[in-house]
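Asks: Take this structure first; my questions come after.
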């Protein structure tokens, strides 16, 4: 076997090592810089969330306090208006908390715990009660499964999907929530009536800045949180069955 030619006189075989060490140090420095940037972003998100939450909590509390001071019969309309205001503030507070929770947990896996979706939907419907009454909607919820995930995120997903369905359904329309087993996952459906979403629009409704359908980035937030759980979100629509939003969630 031919021998490997000897390096020229004075050339060190180990010369590439210092180059690799320098590259490793550069990468380590960049990693430390990214960690500092991540910490700064989390700190900013925490401050921003606190500033957003403070007036929401105050609005929610004052609406409840003033409502209790009003006579139930003489000021029924005012009490309903205050109830709507308070629940709207509560919904926004939950969304901000969910976003902050998602931002803080972006670098780790979702902490999976058993979640009874029946209880989650019950809380969501209580929160959306003023909107349901205003639309005179009929919300039907079938028996739902227990899944594993982070309840704050899953609650935010269903609250936003139901609110979106209420906004785009006709008055006195029906919204149905059900679930079917899909191999090792659960496929949860939120069905609403009303004009079907056009095919060309379905490709964009989960984008962060798409506003033709849904309250700003709400649907994009739903998709992100479901994908954090290893699931998927999809939508189908027809003149016969209305609009179906599907969540595929691991069992």
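Read-outs: derived from the displayed coordinates by stated rules, not from any lab. Predicted model only: the values in this text are computed from it and were never measured. So basically every Cβ, Gly included, is an ideal-geometry build from the backbone, and we count neighbours across all protein chains shown.
Asks: With each pseudo-label sitting 7 Å past Cα toward Cβ, what's the residue 207-residue 33 distance in nm, one decimal?
Replies: 3.2
Asks: Taking the Cβ-Cβ separation of residue 140 and residue 92 as r and a Förster radius of 25 Å, what is the calculated FRET efficiency to the nearest 0.05?
Replies: Values: r = 26 Å, r/R0 = 1.05.
Step by step, r from the Cβ atoms, then E = 0.40.
Asks: Next question, about the same structure. Going by Cα centres, the range 142-184 and the range 110-134 are how many Å apart?
Replies: 8
Asks: Give me the three principal axis extents of the range 102-201 from the C-alpha atoms, as integers in angstrom, largest value leading.
Replies: Sorted largest first, the three principal extents are 41, 30, 28 Å.
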